[in-house]
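Below is the structure I would like to discuss, written out as structure tokens.
The values are calculated or read from the model by the stated rules, or taken from the named source; none is laboratory data. None of these values were measured; they are calculated from a predicted model. All Cβ positions, glycine included, derive from the backbone under ideal geometry; neighbour counts span all protein chains shown. Heads up: the accessible areas ignore ligands, DNA and RNA and are worked out on the full protein's heavy atoms, side chains in. Shrake-Rupley method; radii C 1.70, N 1.55, O 1.52, S 1.80 Å.
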Amino acid sequence: MTASPLIPVPIPDGVAALIGSCMPIDVLQAEVDAECAAREIYRFRGPLCAEDRADREHALSALALANKALAAYNPLLILKPWRRAH
């Protein structure tokens, strides 16, 4: 986890845990799901076979679902698929 998407500054685990303790558990889970889905989307590059296209679409769907929960809490938490996950 970093402090800013523009300048990657590491946050100590204790500070990240303190920040996380102030957020609802479903928002924390949505954040983890969004980062995992974004990593999965980023993995698919170049010409894709039918199975890879289906897997990429599934990851895009998971990201959209997680982003919906994140946007309801704070629109600034939305993770875009073209922005690499931390």
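Please go through region 56-78 and give me each residue that is open to solvent by less than 60 Å² (accessible area, probe 1.4 Å), of a type outside the set (A, V, I, L, M, F, W, C) and assigned to a helix (DSSP H, G or I), ordered by number.
Hit for region 56-78 is ASN67, nothing else.
Let me spell it out: the conditions are (1) surrounded by 13 or more Cβ atoms within 10 Å (Cβ to Cβ); (2) at pLDDT below 90, and ALA34 meets all of them except one. Which number is the exception?
(2) is the only condition that ALA34 fails.
Right, VAL9: surrounded by 12 or more Cβ atoms within 10 Å (Cβ to Cβ) and β-branched (Val, Ile, Thr) or not? Show your work before the answer.
Values: surrounded by 12 or more Cβ atoms within 10 Å (Cβ to Cβ): no; β-branched (Val, Ile, Thr): yes.
No: the conditions fail for VAL9.
Among the numbered criteria (1) touching a helix residue (DSSP H, G or I) at 6+ places or on another chain (Cβ under 9 Å); (2) modelled with pLDDT under 90; (3) not acidic (Asp, Glu), which single criterion is violated by PRO47?
For PRO47, the exception is condition (1).
Please go through region 40-53 and pick out each residue that is more than 19 Å from ALA30 (Cβ to Cβ) and surrounded by 11 or more Cβ atoms within 10 Å (Cβ to Cβ). Don't jump to the end; show me each part of the working.
Keep residues of region 40-53 that are more than 19 Å from ALA30 (Cβ to Cβ), which gives 43-53.
The answer is ARG43, PHE44, LEU48, ASP52, ARG53.
Yes or no: region 8-21 includes at least one residue that is within 18 Å of LEU79 (Cβ to Cβ) and touching a Cys at 6+ places or on another chain (Cβ under 8 Å).
Checked region 8-21: no residue is within 18 Å of LEU79 (Cβ to Cβ) and touching a Cys at 6+ places or on another chain (Cβ under 8 Å).
Which of the residues that make up region 19-57 are among the basic types (Lys, Arg) and without any contact (Cβ under 8 Å) to a residue 24 or more places away in the chain?
First, pick out the residues of region 19-57 that are among the basic types (Lys, Arg): 39, 43, 45, 53, 56.
Residues satisfying the conditions are ARG43, ARG45, ARG53, ARG56.
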